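So the structure is just underneath, and the comments pick up after that.
The values are calculated or read from the model by the stated rules, or taken from the named source; none is laboratory data. Source: prediction; values computed, not measured. All Cβ positions, glycine included, derive from the backbone under ideal geometry; neighbour counts span all protein chains shown. When the accessible area is computed, the model is the full protein with side chains, heavy atoms only, and any ligands, DNA or RNA have been set aside. Shrake-Rupley method; radii C 1.70, N 1.55, O 1.52, S 1.80 Å.
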Amino acid sequence: MKPTYLMDDIQWQQLIENVADHFNDVTIKRGFQYFKQGKVKEFAMPDADHIAAVVDGSELYEVDLHLSAFAASRCTCPVHTNCKHMIAVLLNYANEQERSVHALVNAHSAGFTRLATKADTRNTPPSRSNLSPDHKETTRNALSKTASKIPDMPISEWHDLFDQCIALNRVNTQNSQYVQSALASIYAVKPLLSPGMQQLYGLHAHLRVLEKLVPQSSMPGYPSHTYMGYYTQIAADELKEAIERDFESPLELTDEPMQEVRIAETLAYLRRKMLTESRNGTYFSDVYYQFWLHWVHPERQDSSIYTEELQHLQAAEEELGTTLARLPWMLARSWMHIYQSQDNEAWLLLQEAERAFPLKISSSQLLLFLQTLRKAEDWARLKDGLRHIGPLLHSHRDDHLQDYIHDWDLVLQHLPEAEQDMWDTLVGMLPFAGGMYEEALLAHEKWRSWIDYQLSIRSEPLSFRVSVLQPIEKNAPELLLPFYHQAVERYVLEKNRASYKAAVKLLKRLFKLYKKIKQESRWELFFTTFTSRHSRLRALQEELRKGKLLS
């Protein structure tokens, strides 16, 4: 069970530093092995600063951890303190908090980075990152004073403030440690804010650091590609997950006059970042959609905001010119049409985007359209959306297809008459949606259609689990006869020992089926003809005798 108490980014950065200060590399590695082996058997948090756990070592050891006072932490093992059992518990804690376990395992690497940075800057001109502690503290106090005006400052000035906070850090390598250090600096100056403003502050802290990691398109137009290093990519993905967690709680709206202004400024910022994002990145596009889906749309009864957003998007073509990223631009416009219940316009734009950028629309972006309709509980519109979205999923194979078919199930619960629309759509999605089509047929007990499909794609009956075929054998056993017969003939034509053995397995099943449907005479006629026809295939005859089908 996840702990009740959640740590913020400042506490996370402090935890990494505490691990580096109190544990050596050997202990950390041994604790990591314990964690991976699942040796943390009990885990509880009596309060936000206290962890009580049991670790299975040579015997069961009780670990008592105080996060803000490591010196007071104890373990009942012979080492008593700073031991591998404590590390295992801390790694379990990080995992429960959905933080990077490897950031703790590599805590000393972050320390080495800081030391190396310090050594490298001895002969460089003074900068904010190598100010003396007194100067740095003075600068931080000045930044805190500026931050106290956050509610009245435009978002652009928030970002300027965040940049100054980030500049105080010595960690310059763009990895997870850089992100943690940057966020800790930003949170260190955060003033007391209303709940809604605090949510916006946290979102923009994440966005500004993400902006430092994600390269922007460097050339005019959309065709350019930009790349990130491996560790930068990991850090960016972790930040993306943190932003998704930001949206888990609804935005708390208040009567603050500036909150609506900050929301509008946030939209403008996300819109521009999305419309200038590099071709192989969807970081800001994804945040733009999540912002609408979780923080804007649920609170808006007035549709004018969607009309205004559509106008902004349409104006962006002239404003941004060749720097406009056209695919996200087209998708965003389509999405605004959905919010205005202008579905025909939305689907036409989506089809146009697919023609202009074949195979480039991600399945997660496509399914967002369905999520919007599902949340509205407008089942007729959702059915229409499924019909239009389904064929566009052709480049994603089984990726997210379970979510897609789940939406069809929801529609059929409310509109049973839509079942034929579902089958027509799924058939139109073949062959790429074959797996999903097969599962749907089985779920709806469409045995004949399932067999017809298997015959058409020449499936191997022996490749299916017994549990798949059992319902058909129970409810419509006669349908399996052509499926097995066809495969037996294919196996025999291959003329090798392995294929003969496979043919015998299926012949045994056929015998049982004919007996089940009480048509043993048909089996006798078939088997007599079969053995006579293949009498010269000695290896096959041997396998038939081994299988006790021939005496």
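Assorted remarks:
- Residue match in region 445-454 (condition: surrounded by fewer than 16 Cβ atoms within 10 Å (Cβ to Cβ) and closer than 25 Å to TYR500 by Cα): yes
The rows are residues; the columns are (1) among the acidic types (Asp, Glu); (2) touching a Cys at 6+ places or on another chain (Cβ under 6 Å); (3) at pLDDT below 85.
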| site | (1), (2), (3) |
| --- | --- |
| SER109 | no, no, yes |
| ALA116 | no, no, yes |
| PRO125 | no, no, yes |
| ASN130 | no, no, yes |
| ASP134 | yes, no, yes |
| GLU137 | yes, no, yes |
| SER144 | no, no, no |
| PRO151 | no, no, no |
| PRO154 | no, no, no |
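- In region 318-341, residue farthest from LYS273 (Cα to Cα) [restricted to those that are open to solvent by 80 Å² or more (accessible area, probe 1.4 Å) and not acidic (Asp, Glu)]: THR322
- Taking every residue in region 450-475 that is without any contact (Cβ under 8 Å) to a residue 12 or more places away in the chain and more than 19 Å from LEU426 (Cα to Cα) and pairing it with any residue that is surrounded by 10 or more Cβ atoms within 10 Å (Cβ to Cβ) and not hydrophobic (A, V, I, L, M, F, W, C), at least 6 positions away or on another chain, the pairs with Cβ-Cβ distances below 8 Å are LEU469/PRO461.
- The set of residues in region 458-497 that are under 42 Å from the mean Cα position of the chain (by Cα), over 16 Å from ARG522 (Cα atoms) and of a type in the set (A, V, I, L, M) comprises LEU462, VAL466, VAL468, LEU469, ILE472, ALA476, ALA487.
- Selection from region 233-258 of residues that are crowded, with 18+ Cβ neighbours inside 10 Å and over 14 Å from the mean Cα position of the chain (by Cα): ALA235, ASP246, LEU251
- Count of residues meeting criterion [in a helix (DSSP H, G or I) and touching a residue at least 24 places away in the same chain (Cβ under 8 Å)] in region 425-442: 8
- Residue within region 195-202 that is within 26 Å of the chain's Cα centre (by Cα), closer than 23 Å to LEU267 by Cα and of a type in the set (Phe, Trp, Tyr) present: yes
- Top-ranked residue of region 542-551 - restricted to ones that are part of a loop (DSSP other than H, G, I, E, B) and either without any contact (Cβ under 8 Å) to a residue 24 or more places away in the chain or of a type in the set (Lys, Arg) (or both), ranked as surrounded by the most Cβ atoms within 10 Å (Cβ to Cβ): LEU550
- Of the strands (runs of 3 or more DSSP E) lying entirely inside region 1-98, those containing at least 1 residues that are open to solvent by 40 Å² or more (accessible area, probe 1.4 Å), over 27 Å from HIS206 (Cα atoms) and not charged (D, E, K, R) are 40-47, 60-66.
- Which listed residue is open to solvent by less than 30 Å² (accessible area, probe 1.4 Å), hydrophobic (A, V, I, L, M, F, W, C) and in a helix (DSSP H, G or I), from ALA264, ALA346, ALA315, ALA268: ALA346
- Within region 531-541, considering residues that are part of a helix (DSSP H, G or I) and either in contact with a Lys or Arg (Cβ under 9 Å, 6 or more places away or on another chain) or free of Cβ contacts under 8 Å to residues at least 12 places away in the same chain (or both), the one least open to solvent (accessible area, probe 1.4 Å): LEU540
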